[in-house]
There are 2 protein chains.
Amino acid sequence: MDQEKNVNQSDDVHDIENEGLLDGKEIERYRSEVSDKNLSNTKPLLVKRTNTTSQIAIVGANVCPIESLDYEIIENELFKQDWRSRKKIQIFQYVLLKWAFALLIGLGTGLVGFFNNIAVENIAGFKLLLTSNLMSEDKYFKAFAAYAGCNVGLAAAAAALCAFIAPAAAGSGIPEVKAYLNGVDAYSILAPSTLFVKIFGSVLGVSAGFVVGKEGPMVHTGACIANLLGQGGSRKYHLTWKWLRYFKNDRDRRDMITCGAAAGVAAAFRAPVGGVLFALEEAASWWRSALLWRTFFTTAVVAIVLRAFIQYCTTGKCGLFGEGGLIMYDVSSANAAYSAPDILAVIFLGIIGGILGSIYNYFVDKVLRTYSIINERGAVLKILLVITISLLTSCCSFGLPWIAKCIPCPTELSVSCPTVGKSGNYKSFQCPSGLFALLGAASFLGGTMRMTVSLCIILLELTNDLLLLPLVMLVLLISKTVADNFNKGVYDQILKIKGLPYLEAHAEPYMRHLVARDVVSGPLVTFSGVEQVGNILHALRTTGHNGFPVIDEPPFSEAPELCGVVLRSHLLVLLKGKNFSMDRVVTGDDILQRFAAFDFAKAGSGKGIKLEDLDIKVEEMEMYIDLHPIINASPYTVVETMSLAKAAILFRQLGLRHMCVVPKSQGRPPIVGILTRHDFMPEHILGLYPHINPDK
Amino acid sequence: MDQEKNVNQSDDVHDIENEGLLDGKEIERYRSEVSDKNLSNTKPLLVKRTNTTSQIAIVGANVCPIESLDYEIIENELFKQDWRSRKKIQIFQYVLLKWAFALLIGLGTGLVGFFNNIAVENIAGFKLLLTSNLMSEDKYFKAFAAYAGCNVGLAAAAAALCAFIAPAAAGSGIPEVKAYLNGVDAYSILAPSTLFVKIFGSVLGVSAGFVVGKEGPMVHTGACIANLLGQGGSRKYHLTWKWLRYFKNDRDRRDMITCGAAAGVAAAFRAPVGGVLFALEEAASWWRSALLWRTFFTTAVVAIVLRAFIQYCTTGKCGLFGEGGLIMYDVSSANAAYSAPDILAVIFLGIIGGILGSIYNYFVDKVLRTYSIINERGAVLKILLVITISLLTSCCSFGLPWIAKCIPCPTELSVSCPTVGKSGNYKSFQCPSGLFALLGAASFLGGTMRMTVSLCIILLELTNDLLLLPLVMLVLLISKTVADNFNKGVYDQILKIKGLPYLEAHAEPYMRHLVARDVVSGPLVTFSGVEQVGNILHALRTTGHNGFPVIDEPPFSEAPELCGVVLRSHLLVLLKGKNFSMDRVVTGDDILQRFAAFDFAKAGSGKGIKLEDLDIKVEEMEMYIDLHPIINASPYTVVETMSLAKAAILFRQLGLRHMCVVPKSQGRPPIVGILTRHDFMPEHILGLYPHINPDK
């Protein structure tokens, strides 16, 4: 190894460790310093960041390091050998298990959805009965104290759970799931602790009277359940099973989490088809025909589970379980007969809904930015904030019916405030039902979420009235169109605030003026086909890159040629195996014998071998290791002169983590650089080329 | 130009002209000979073909030459210059026009759907009234003669329309639309004459009492309307408009035709959401989030148009228009209350439906193969065949109620035989309604079409009963799973019979054992960056290739390098412009001045400059032309050692027409070959490697 290694500044999303020579503990210390620095800073992620810090983002309420997921089909000798040796029985195992997991996701999400409702209805029901009993005895002050006390207690419990156990569970959860399905990985997004806090936190929060949408927590819960199942067993807890090994890759996990997201919506609204469409329209970034079929199965299971439990509960065995079933808001509209003037009214309603929705999104943006400044000050302040808000909402919800007893119910309320009006309280709200309340709700939601088809189906499944369909479609189309002129959908906005590096499906116009070569920054770290252990270790320590190009040189090839790309995780497994040789010779066959493909399978999130786990002796640093068996020999490549727009679309369509940029002419080194998710982020590109006007 | 040019056997789907030196007229003669040869042969496309003939397929009832569509973003200097010069107003024009077209497609398809129903109900109503009047006078023989006479007359008219005007309109049409959206182009698939015959032919055919599904003709009609709008004007008829120029590319046309297919289903079943899902699940091969939104708009328009017309017709101004509205089969089920034993019954029904569906598909396959042998014998035989079948069905439908007056209606009938039982005839069928008829129909259709989600939604929109949803989902899932074990869906089967080169989304297992280099056949035809006119003309005449790699050599570059790919259609435009130079020099700037991007825009199907249109003089053959402005400088490339499976998935995901295979090592010519749709067809690969067992 005579080639000098240099450090590249921009290889992958995850490169917080790329400064100087650090050993494992130093890295840990450095990492915690980085995140402390971010926490202590007033606006770490809310101000426009330079590219070098985009390897962290807010997940839930805390700052986390983030990585990209590996969706590429990795073709190395070891995996090829594994494919060739697979028999029909193993393919059958794989298919059967995939369906079994879809079934389990459906069952699990259905159960959680049912549990949440039972718990909320019992806790909130107890609270409201207590309050109304005191009120009927004219003890108004005591009633308010009981009401507010319950609310504050419940809210504080929820906030404490969230702050101390899993900050990743804070917030809606949909932006995080959306980012995960776009290829952004952070261990905490879908961790078991997140699942636990999400379930109990949302039960407590909703019981405390917070206006919390059901769909966010349920989508996040469904995704967490799917992720838990998709871990491919655990060696630590001896939960390994031969069948599970096929699930240790990001592609299968992505499919399962898509099913989980669909199941979440299905459980929240008892809308199985709406769930499928939500997954397609809003959650998933990559879609295959097979997925339609699988998500459909999962949501059908959810629907059947929920139906079974509701039938059980109608016998009165579920405590304070309302008659309305799991549909918390019964939006049964009057039979719709509408004419031309109605359509004009609907158009007007759509425009109003679009404007209101975009204003709502604007305020959500502002409020979240303010919240996150407070959140960064520490857990105690978070809880205090929650208690304050809880007291305020208690006053409002207790006081409001007194101030204006008979105002017409705002049209939005029937859907966006699902917890209001349950279990017999506030029966004084006499809303003029029928047609326009639903359409107003649809219009507002269309303006906020900007999902048309799935919202339409969800509303359809809630109302069970197909005659309304054309009107709902019309109002949703108009409100989305109007609102799109002002700002983005609420989930996209939150993604941006949180700094999650989301890849858009389209390229920005200014990307047409640049070529792929323009955004490749810094010199490249490459390996030889047979590389010295010390060099590899040095590169792993000094950079945070997750992919390294391998270049074969004479005597292994006639001229320097791009052999492929190796992943950091595979290098770590190989190094741990210590299959070193004293001389620079090809020992690939030996490696193929000693390792199985399973050893290199992607570990569950947060697991896998770390750099600190390696124990390489000084004399081993001088030895060589043959990388050929683990090189992905056919990485996706683009020529350096391809426009950045075309490269970005390719990168996104294929769901890549690394894309090699190759030179146009021969006689130069066979690779120009590597593009990652990070290099396509507008902040990065506009940082490199500040003269570009992104609005032009 | 000192490099020898060779002829490649396998460049593109369209290469029927690749034998020897032919001029324009000779090519025409040769082409007609080829298709005659195929017509006169007993089984031209039904026997397993070798790859060299897969450039033709059966479209409708006739054999047609087929090409691939260009979905790639072509980046040449001319187009880049055009992009850069586009202003906001032009982007606004483009967006506005796209929505306007979506509106027009919806309006057009809705109108046609309404017209079809009015026409069928009036013609068939007249026929049935005549028959039943005669029957009520006990003139049974006269009644039969009138009934059969009407049927035969109508059927013969339909057959004649189809045989003499547009054979492409024969059959369901869904397989052809599916193939088009997969990237297979034949002028006749969506031609205006096809549209005309499809509308009137299906009206006559349905009136003649044939059991014709509505969805096929309506999907084909919708797609034809979309294609007509997407032509980007016509210079011949002076229908050019500056705004339309942006639609002269295959990507925008694909989007519009997807909208058309969705509109077709929406109009056939008055199921707007079902239409969107049909387009997603069954019709489209490539899907983007934006398309969901656009197809949804189109089907909403269809729904509103149909509703308006139905309201108009309820006033009695539409002749013999039934009360049932456009839903020809009123499958209103009894209110469903189901328990555990019912679910067992449903599972049983699903299995039965799956088995029956796959048996049906088996017979469809056999019948179609027999039909197409007869069809190839000429138009007169086609018409005779139709008349015979019409007589037979007349006898059956007239005689059947006499033989068994009170047999329970077969469960399938309620959906699969939409024309039976209309306008007051056969009222003696007293089917036990309720729940299981619908579920049986769903089960059978699931077994036949293998679409789950869209069928579910369509049935839902027909029945307007959401409580049935879980059961319908269950039965569809089971019947699809069962039927998938036996054979493919009916549309996929027809695609295969017709020889349409459909690209599957997944790779076949044996493709993992091959690499990209293995299927590249024959030496390659390449051009220099500045090429002699004679060489280009020779290559265009002697091959049918649609893409040619261009290699720059010294003095234009330091070493030979792959400059990109030029398309045949662009070469023809450039040659027609006669921008030749005496010396081998770069004249690109001059060309950029003389041509606009619009000149190279893809012409509507069947149009565009042909080789015969060129008029190159002998002295011009020695001159040079600079190809650089029209070279797609960043074609998608894969390394020769990439597995064929990975290459196939890449090819399909990106919707490519040409994929360049580049050598792994430097010092060799910069391109190994070009892969096209054709090279990924199982017939081609298994022809090259007969020892591979595709079932392993």
Note to self: Out of A:Glu531, A:Glu553, A:Glu561, I need the residue that is touching a Gly at 6+ places or on another chain (Cβ under 9 Å) and over 26 Å from A:Lys242 (Cβ atoms). Which one?
What the structure shows: A:Glu553
Notebook entry, point to check: Which helices (runs of 4 or more DSSP H) does segment A:210-317 wholly contain that include 1 or more residues that are surrounded by fewer than 20 Cβ atoms within 10 Å (Cβ to Cβ), assigned by TED's automatic domain parsing to the domain that holds A:Leu128 and at pLDDT 80 or above?
Noted result: A:215-229, A:250-269, A:289-313
Checklist line | Matching option when the condition is out of contact with any Lys or Arg (no Cβ under 6 Å at 6 or more places or on another chain), at pLDDT 85 or above and hydroxyl-bearing (Ser, Thr, Tyr), among B:Thr52, B:Thr131, B:Thr109 | finding: B:Thr109
Item checked: Test set (1) within 11 Å of another protein chain (Cβ to nearest Cβ); (2) at pLDDT 85 or above; (3) closer than 22 Å to B:Phe444 by Cβ - B:Ala516 fails condition number -> (3)
Check: Under 7 Å by Cβ, and 6 or more places apart or on different chains, what pairs join a residue from segment A:293-320 that is away from chain B (no Cβ under 13 Å) with one that is at pLDDT below 85 and not in a helix (DSSP H, G or I)?
Finding: A:Cys313/A:Phe321; A:Leu320/A:Ser423
Note to self: Tell me whether segment B:82-100 contains one or more residues that are hydroxyl-bearing (Ser, Thr, Tyr) and either within 23 Å of the chain's Cα centre (by Cα) or at pLDDT 85 or above (or both).
What the structure shows: yes
Checklist line | Residue selected from segment A:642-654 under the condition under 25 Å from A:Lys80 (Cα atoms) and facing chain B (nearest Cβ under 9 Å), by the criterion surrounded by the most Cβ atoms within 10 Å (Cβ to Cβ) | finding: A:Leu650
Item checked: Meets criteria (surrounded by fewer than 17 Cβ atoms within 10 Å (Cβ to Cβ) and either at pLDDT 50 or above or assigned to a helix (DSSP H, G or I) (or both)) for A:Thr393 -> no
Checklist line | Test: B:Ile674 is modelled with pLDDT of 90 or more, more than 20 Å from A:Ser665 (Cβ to Cβ) and more than 10 Å from every other protein chain (Cβ to nearest Cβ) | finding: yes
Next item on the list: Filter segment A:556-587 down to the residues that are of a type outside the set (Asp, Glu) and within 14 Å of another protein chain (Cβ to nearest Cβ), then identify the one that is nearest to A:Glu622 (Cα to Cα).
Entry: A:Phe556
Item checked: Residue count, segment B:112-156 (criterion: over 26 Å from B:Ile304 (Cα atoms) and acidic (Asp, Glu)) -> 2
Next item on the list: Provide a single number: the residues in segment A:655-671 that are within 14 Å of chain B (Cβ to nearest Cβ) and farther than 24 Å from B:Cys563 by Cα.
Entry: 2
Notebook entry, point to check: Which of (1) surrounded by fewer than 18 Cβ atoms within 10 Å (Cβ to Cβ); (2) modelled with pLDDT of 80 or more; (3) not assigned by TED's automatic domain parsing to the domain that holds A:Ala262 does A:Pro341 not meet, given it meets every other one?
Noted result: (2)
Check: Does A:His545 satisfy the condition of being buried (at least 21 other Cβ atoms within 10 Å of the Cβ) and within 27 Å of the chain's Cα centre (by Cα)?
Finding: yes
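The values are calculated or read from the model by the stated rules, or taken from the named source; none is laboratory data. What you see is a predicted model, and the numbers here were worked out from it, not measured in a lab. Glycine gets a Cβ as well: all are built from the backbone with ideal geometry, and neighbour counts include every protein chain shown.
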